[in-house]
Amino acid sequence: MKAGTVAAITAAIPAGDVRSAPPTLVARFGSATIKAGTRSLDLPIWGYDGESPGRPLFVNQGGIIDLSLSNQLLEDTSIHWHGIRTPNKMDGVPFVTQKAVPPGGHFQYRFACEDAGTYWYHPHANSAEQIGRGLFGPLIVWEEKPLPVDRELVWMVADWLIGKDDKVSHNYAQMHDNSHAGRFGNLITVNGQHRPAIDAQPGERIRLRIINAASARILSFDFPGLSGWWIALDGQPIQPRGLGGNPLYIPPGGRADLVLDVPIEAKSGAVFGVADATYRNQRNKLASFRISGKQVRSTALAAPKKMADNPHSQPILDGANLKTVTFEGGAMGGLRSAMLDDKQMPLRQLAGKGVVWATNGKIWSSLEEIARQDKLFNLDLGKTYVFRLQNKTAFPHPIHLHGHSFQVIAVNGKKKAVPEWRDTVLVFPDEKVDIAFVADNPGDWLMHCHVLGHVTAGMIAAVRVG
Ligand code: C2O
Ligand code: CU
């Protein structure tokens, strides 16, 4: 979050450029200076190499990530590569896929990046606090044939809760937050800066990769004055969809790529604001484009074409196995009791233990218990599964599956004409979302809500493949 960070992340990335991954990421304490209006906040953070976001890792599709995590925190940590398929051993979940990395310890992560797209990395230990304090960074895998654009930008969005003392509020296990919509901040940053202004040229075509690293806040972007198309969600190409249609929600954990065209006739000095408009009566300015420099072109470009799909196994829906996953609990949810590890308990008693969300009537108290006990489901290697995700709670939940991307095939029984791939799907209250995937990646894989406080409060389970 030093002044240089945004410049580094938003620097022009020549298409096809190969940059090898840096050899080490050090999880350690750091500090960030964030200018918010007239205030200048000096925040203690936890970050990779002491920065938040950590440096973006760029790799060509098919290339190798090979780096060592060095833990200089005072507690265990790990790195999970959110959204990209890796072998199970590289998934970065303590107890479930590896030993936690203790203070002073190291772990070597090495895997090939088969999937192109926009991903991110973050710890999977004490996640609400570790991610909440700033441990996250972008992982970008370039397509073999990248979309022709003038420039690529990566925007990693975070949401900090700043107290009256101008410090980050560090209560990450607040039952009120964890049993409601999660912990919301009051200071949104893009690449560690509050409302950064980014120079853009008239007629420029920009590929923007948005990563929502917030603990609980859902984002939806509004780009008044700019035209463009959504081209990928969760790293997976979609049929380009023009801006200005139904709001596109990017939940915590989710990503969205878009192509933005700066108007050819934009005047030097003009400013195009970018805002988040998810919540009623709340419009959050996120960033702005400031026009300068010379016109890049004089005629408008054609709409982008859909990029090539990643090499996912195509689900075969005919005769697929249907599994129902019901999420219950939280405030105003009407959950009476659930099984915590091996004991049935009334909600009041569960709440006393800090857990209030159940998956199919069950709560695993820790990653250790998830590793030790029976999994939510045992899936046969190579078979297609349909998970019917049912939200019987009063809050939206972004449900994330590790190790696989899935297709969203139906919402509330209404089939999608063109199913799209995701790794994190937002399920609204009373909604039923059907996802389909081939269980083709052997190992134990988490499935959990990406509202981090909900994870703390029990909304996390695992499936076994093979
Ligand atoms: Cu973004 Cu299980 O994680
Ligand atoms: Cu949730």
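Remarks
- Looking across segment 41-64, the residues that are assigned to a strand (DSSP E or B) and within 16 Å of ligand 1 (Cβ to nearest atom) come down to 48, 57.
- Any hit, segment 106-118, residues being within 16 Å of ligand 1 (Cβ to nearest atom) and either not assigned by TED's automatic domain parsing to the domain that holds residue 28 or not in a strand (DSSP E or B) (or both): yes
- Candidates are the residues of segment 399-418 that are in a loop (DSSP other than H, G, I, E, B) and under 11 Å from residue 433 (Cα atoms); the one that is nearest to the chain's Cα centre (by Cα) is 412.
Results for (1) modelled with pLDDT under 95; (2) outside the structural domain of residue 117 (by TED's automatic domain parsing); (3) more than 28 Å from residue 183 (Cβ to Cβ); (4) away from ligand 1 (no atom under 16 Å from the Cβ), shown as yes or no for each residue.
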| position | (1), (2), (3), (4) |
| --- | --- |
| 399 | no, yes, no, no |
| 405 | no, yes, no, no |
| 417 | no, yes, yes, yes |
| 426 | no, yes, no, no |
| 439 | no, yes, yes, yes |
| 443 | no, yes, yes, no |
| 449 | no, yes, no, no |
| 453 | no, yes, no, no |
| 460 | no, yes, no, no |
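- When residues in segment 85-105 are screened for being closer than 17 Å to residue 139 by Cβ and within 11 Å of ligand 1 (Cβ to nearest atom), 3 of them pass.
- Of the candidates 282, 193, 236, the single residue that is closer than 30 Å to residue 129 by Cα and without any contact (Cβ under 8 Å) to a residue 12 or more places away in the chain is 282.
- Test set (1) in a loop (DSSP other than H, G, I, E, B); (2) surrounded by 23 or more Cβ atoms within 10 Å (Cβ to Cβ) - residue 131 fails condition number: (1)
- Per-region count, segment 436-450, residues within 16 Å of ligand 2 (Cβ to nearest atom) and assigned to a strand (DSSP E or B): 4
- Tally, over segment 31-69, of residues that are over 18 Å from residue 161 (Cβ atoms), small (Gly, Ala, Ser) and touching a Phe, Trp or Tyr at 6+ places or on another chain (Cβ under 9 Å): 4
- Boolean, residue 410 is within 16 Å of ligand 2 (Cβ to nearest atom) and farther than 30 Å from residue 79 by Cβ: no
- The combined condition, being within 16 Å of ligand 2 (Cβ to nearest atom) and in a helix (DSSP H, G or I), is fulfilled by residue 350.
- Test: residue in segment 376-387 that is in contact (Cβ under 8 Å) with a residue 12 or more places away in the chain, within 16 Å of ligand 2 (Cβ to nearest atom), part of a strand (DSSP E or B) and not hydrophobic (A, V, I, L, M, F, W, C): no
- Residues of segment 135-173 satisfying the condition of being of a type in the set (Asp, Glu) and either touching a Pro at 6+ places or on another chain (Cβ under 8 Å) or within 25 Å of residue 228 (Cα to Cα) (or both): 143, 144, 150, 152
- Looking only at segment 419-447, and only at residues there that are aliphatic (A, V, I, L, M) and within 18 Å of residue 318 (Cβ to Cβ), the one that is nearest to the chain's Cα centre (by Cα): 435
- Residue in segment 327-347 that is nearest to residue 387 (Cα to Cα), counting only those that are in a strand (DSSP E or B) and charged (D, E, K, R): 328
- Unique residue being among the aliphatic types (A, V, I, L, M), over 24 Å from residue 172 (Cβ atoms) and free of Cβ contacts under 8 Å to residues at least 24 places away in the same chain when the list is 418, 433, 411, 463: 411
The values are calculated or read from the model by the stated rules, or taken from the named source; none is laboratory data. Bear in mind that the values here come from a model prediction, so they are computed numbers and not experimental data. Glycine gets a Cβ as well: all are built from the backbone with ideal geometry, and neighbour counts include every protein chain shown.
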